[in-house]
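Notes follow once the structure below has been shown.
Throughout, read-outs are computed from the coordinates displayed, never taken from laboratory work. Just so it is clear, the structure is predicted and the values come from calculations on it, not from any experiment. Quick reminder, even Gly has a Cβ in these numbers, built from the backbone with ideal geometry, and neighbours come from all protein chains shown.
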Amino acid sequence: MGDVSSKQYIDVRLGSNLYGIDIKYIDNIIVMHNITRVPKSQPYFLGVINLRGEIIPIMSLRRKLGLEDDEFTESTRIMIIKPEPSAAPVGLIVDEVNEVITLEEENIEKFNYTDETKADYSEGIGKHGDDLINILNILELIYEKNE
Amino acid sequence: MDVSQYLEIFIEETKEHLQSLNEHILILEKEPENEETINEIFRAAHSLKGMSGTMGYKKMQRLTHDMENVFSEIRNGKMKATSELVDILFKGIDVLEAYLENVQTDGTEGDLECDDLIKALNQILVSGTSKADTSSEQSSKQSSEQKKKKDETKVAATEVSTKSSVGEKHKYKSVKLEDHEKKAIAKATSLNLNVIGMTIYIQEYCVLKGARAFMVNRTIEEYGEIIKLNPSAEDLEDEKYDFDYSAFVITKRTPEEMIKFIMGVSEVKEVVAGYIKLEEAELKSYLDILKQEELNISLPKLAKEQKGLQTGSPVRQKKPAKPIANRSVRVDIEKLDVLMNLASELIIVKNSLVSSSSDLQHQLDLAFYDNIEYLERISTNLHESVMKVRMVPIESVVNRFPRMVRDLSKKLDKQMELYMDGEDTELDRTVIDEIGDPLMHLIRNAADHGLERSEEREKLGKNPVGSIFLDAYQAGNNVIIEVRDDGRGIDVDKIKEKAIARGVVSEEQAARMSDKEIIDILFMPSFSTSKEVTDISGRGVGLDVVKTKIEALGGDIEARTKLGEGSNFIIRLPLTLAIMQALMVKLSSEKYALPLGNIQTVENVDRTDIKTVSGKEVLYLRGDVIPIIRLADVLDCKKSEEEEDQVLVVVVKKGEKLAGMVVDELIGQQEIVIKSIGEYINNHKVISGATILGNGEVALILDVNPLI
């Protein structure tokens, strides 16, 4: 722990793909809430929820990444993300949250940012045991200017 | 010396002092003899100088010092506040404001130099003052000491005789002593006690000058009685002195001993002291008086009397009574926000209690019901109180406008006068912070485009001095601010012409548009009617910016005009941004809140009453033709399977325009807490926020304005 060359990620699943979210962005992980639809919003925003008196916008990670639509199950979770410590939180819906993993720097293959990889919001691929984990570029994912 | 902790206070107070200078110099220009104003100006300038010196802002200190010299001459009647002088003083204030702005951003004064200004000030000083004043002039140049003190005391200097040689530092020698003080000196002399005058210099980096002076005085009192302080003890504690002050003490000690004691106090830079003796004749006369008076004025009592000085009794009767301090506390706006949030949370919990109490059988339990009602009352009162705390009079925004109009008048070479009314109208702090720029813009527009030149006005039979009015008042849950002028008004044809030329509207469209609709074009982006671009207005970023800003605050703006008579811009703002009364409605299964302020009526109409005119649905209602907006369509709600015979229409009003919103169901009126849905979701302004209902559900708040 605390080693400069290693980082902790939360390993989440969408369909059969695994994604890693840097633990420093994660504020909270909650079970599915009632989502209030917000009309006229970007399609990947499903709406807002009330989390202990706070209104939090909820983004479908599947829609954002261009995958099939969500199917909410028992294991569906909302990851509450704070892109910056003082920024407003935003929720990401994932199919399942697996575990916290520690990845060594050398086990992550970084991508050079090109237009191709940009669409995936991917920062690199991490190897964890036999699994390949897509490390998400959270800032790009959340702050991306809306079309 | 770390002064960063005082930076915030410094910035706040400097702003206040600068504003006070602005206001009073304006008054001074009109009433050059107004003594109170001059004193106020002097006080503000002096405090500014002291504060900037303490904080180590040398440029600000220097500039205020030179300005203070000018004020001092005005106060002494040696100079008149001419228009040119006022111009230069205003320039000085502008520079100070620029410094302050820099301090606010990075804590330093920045590189801005003001040598020209200082030169101008000094020139005025040299040319404007009489010969008689040259001595004090020189001394002010030799030392950057408080000039005010010298002016007050110059005359009195001879009244105190001294043994030692006169030195620049022995300022106490030039302090005027009152009769009763001289009496005390005489008395002390007769009792063979020493009367010592001294001037104490505090280190310039000392931050708590007031406290330091207090420490010094306490030390002095251990060895004797203080009979006089200059400035007074009150001013010393309020830090109303530069870095030195004088004290007169009755003691058994020698001046050398006293110096030693006082130097023992930290942050004391230097102390000079010497014996104070009255002239023989004077001494004799005072002793005679003393003898004549009954012996009930014994020294202990005298000392006690004088001790009152320490706790703040006035020394000089002439001195104007200190204005009663505001009974107010400075509170960080963030703390208020927290308080406001907590009050809002409480209302949400209350709402949920209310809704669950109506579900359950609790109504039977009278005590429970009573308590719920009680809670309701308290939480509403609490919320109102917190809201009131957040309310700030718009004065804090508009008080810079008179100065601005004066500048505009000079710059544009037009005569004009600003009349303000309702400056005490209060608005939420968050609104206040944002409303300044739009108002400024409107006033500039009025001055630049609205008002005609004096010759033109005279020809038209108008008062050659143009008028701009700024009126603020509360109307229900809104605050209205009107910016009016009696100028030429808006030329509708000219706008039409230009709109067509720019392709904003087609000729046919323009022909069909009402005057009001055409005036509304003014609020469209990059539409400026001014033929020439001046540096005051007409840069193309005009009314559209004003409109955007006001709409962001939840308000709206409307323009009314009469050609040749003037124009009127009416801004309507919500009283508060945090809580409002809303009508809760249902669209299929979704709940929405409509701000009650927008709602005119709710109508239950037959489906057949809604007619289609040129492809648009309208409703004829009591002689009005109201366009119908089917909210379910606009908001992409799931349609109900079949259309009912009766349609619920909520008629909303925006300015003069009406529109009917079709909803599925009414839930009722409710007090709702407005929450932001954040920056991430981009919903084209239809949704202005969200609120949490009693059962924890989220309902969205509809902004009807963009729909109309």
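Return the inverse of the average 1/r over all pairs of distinct C-alpha atoms in the stretch B:394-574, which is the Kirkwood hydrodynamic radius, in Å to one decimal.
On the way: mean 1/r = 0.0595 Å⁻¹.
Evaluated on the stretch B:394-574, it is 16.8 Å.
Take the Cα pairs of the stretch B:333-392, get the Kirkwood Rh, then feed it into Stokes-Einstein at 10 °C and 1.306 mPa s and tell me D in µm²/s.
127
Under a GNM of chain A (C-alpha, springs under 10 Å), which listed residue has the highest mean-square fluctuation: A:86, A:60, A:41?
Largest GNM mean-square fluctuation: A:86.
Along Cα→Cβ, 7 Å out, is where each label goes; now give me the distance between the ones at residue A:140 and residue A:74 in nm to one decimal.
3.7
Would you please give the FRET efficiency between residue B:370 and residue B:349, computed as 1/(1 + (r/R0)^6) with r the Cβ-Cβ distance and R0 = 22 Å, to the nearest 0.05? Intermediate values should be presented prior to the final figure.
Numbers: r = 18 Å, r/R0 = 0.81.
After rounding, the FRET efficiency stands at 0.80.
Which whole-Hz ³J(HN,Hα) couplings does the stretch B:250-264 yield from phi under the Karplus relation 6.51 cos²θ - 1.76 cosθ + 1.60, θ = phi - 60°, glycine and proline marked x?
Result, ordered by residue: 9, 8, 8, 7, 8, x, 4, 5, 4, 4, 4, 4, 5, 4, x Hz.
Just checking the output field for A:38-50: average partner chain Cβ neighbours within 10 Å of each residue's Cβ? Show your work: numbers first, answer last.
Values: counts 10, 15, 10, 8, 4, 0, 0, 5, 0, 6, 9, 3, 11.
Partner Cβ neighbours, averaged per residue: 6.
How many nm separate the modelled label positions at residue B:91 and residue B:494, each set 7 Å beyond the Cα in the direction of the Cβ?
3.3
How many Cβ atoms of partner chains, on average, are near each residue of A:51-57 if near means within 10 Å of its Cβ? The partial results should precede the final answer.
Details: counts 0, 3, 9, 4, 10, 4, 6.
Counting other chains' Cβ atoms within 10 Å and averaging over A:51-57 gives 5.
Quick one: which residues, 5+ away or cross-chain, put their amide H under 5 Å from the amide H of residue B:416? H built at 1.01 Å from N.
The list, which skips near neighbours in sequence, is B:466.
What is the extension gain from residue B:600 to residue B:337, computed as 0.36 nm multiplied by their sequence separation minus the C-alpha to C-alpha distance, in nm to one decimal?
91.5 nm
Quick check: from the Cα gyration tensor, does the stretch B:579-707 come out rounded (a/c under 1.5), prolate or oblate?
It is prolate, given that a/c is not under 1.5 and a/b is the larger ratio.
Take the Cβ-Cβ distance between residue B:58 and residue B:399 as r, set R0 to 41 Å, and report the resulting FRET efficiency rounded to the nearest 0.05.
Values: r = 29 Å, r/R0 = 0.70.
With R0 = 41 Å, the Cβ-Cβ based efficiency is 0.90.
Sorted from largest down, what three extents in whole angstroms do the Cα atoms of the stretch A:6-140 have along their principal axes?
Over the stretch A:6-140, Cα extents along the principal axes are 42, 31, 29 Å.
Please get the size of the charge dipole for the stretch B:394-574, origin at its Cα centre, with Cβ charges of +1 on Lys and Arg and -1 on Asp and Glu, quoted in debye to the nearest 20.
Values: 27 positive and 36 negative charges, 106 e Å.
Here the size comes out at about 520 debye.
Extension gain residue B:609-residue B:639, at 0.36 nm per residue separation less the Cα-Cα distance, in nm?
This chain segment gains 8.8 nm when fully extended.
Between residue B:459 and residue B:204, take the C-beta separation as r, use R0 = 60 Å, and let me know the FRET efficiency to the nearest 0.05. Each step should come with its number before you reach the end.
Working: r = 61 Å, r/R0 = 1.02.
For R0 = 60 Å, the calculated efficiency reads 0.45.
Going by amide H atoms built from the backbone, whose H comes under 5 Å of the H on residue A:96, apart from near neighbours?
Here the answer is A:13, A:77, since their amide H atoms fall under 5 Å of that of residue A:96.
Search the structure for amide H atoms under 5 Å from the amide H of residue B:703, placed 1.01 Å from N in the peptide plane, and list their residues when 5 or more places away or on another chain.
B:687, B:688
For the stretch B:4-142, evaluate the Debye formula with one uniform point scatterer on each Cα (no solvent term) and list log10 I(q)/I(0) at q = 0.18 Å⁻¹, rounded to two decimals.
-0.99
Using θ = phi - 60° and the Karplus form 6.51 cos²θ - 1.76 cosθ + 1.60, what ³J(HN,Hα) does each residue of the stretch B:64-74 get, whole Hz, x for Gly and Pro?
Computed from phi, the couplings for the stretch B:64-74 are 5, 4, 5, 5, 4, 4, 5, 4, 4, 5, 5 Hz.
Work out, step by step, the length gained on full extension between residue B:127 and residue B:112: first 0.36 nm times the residue separation, then minus their alpha carbon distance; give nm to one decimal.
2.7 nm
Quick one: what are the phi-derived ³J(HN,Hα) couplings along the stretch B:510-519, Karplus 6.51/-1.76/1.60 with θ = phi - 60°, whole Hz, x for glycine and proline?
Karplus-based 3J(HN,Hα) across the stretch B:510-519 equals 4, 5, 7, 6, 7, 4, 5, 5, 5, 4 Hz.
Obtain the nm distance between the two label points defined at residue B:653 and residue B:616 by a simple spin-label model: each point lies 7 Å from its Cα along the Cα-to-C-beta direction.
Distance between label points: 2.0 nm.
What is the mean number of Cβ atoms from other protein chains located within 10 Å of the Cβ atom of each residue in peptide B:691-703, rounded to a whole number? Mind dumping the intermediate values first?
Details: counts 2, 5, 1, 0, 1, 6, 3, 12, 2, 7, 0, 1, 0.
Counting Cβ atoms of other protein chains within 10 Å of each residue's Cβ and averaging gives 3.
Of the GluC sites (Glu not before Pro) in the stretch B:1-95, which ones lie in a loop per DSSP and count no more than 12 other C-beta atoms within 10 Å?
B:33
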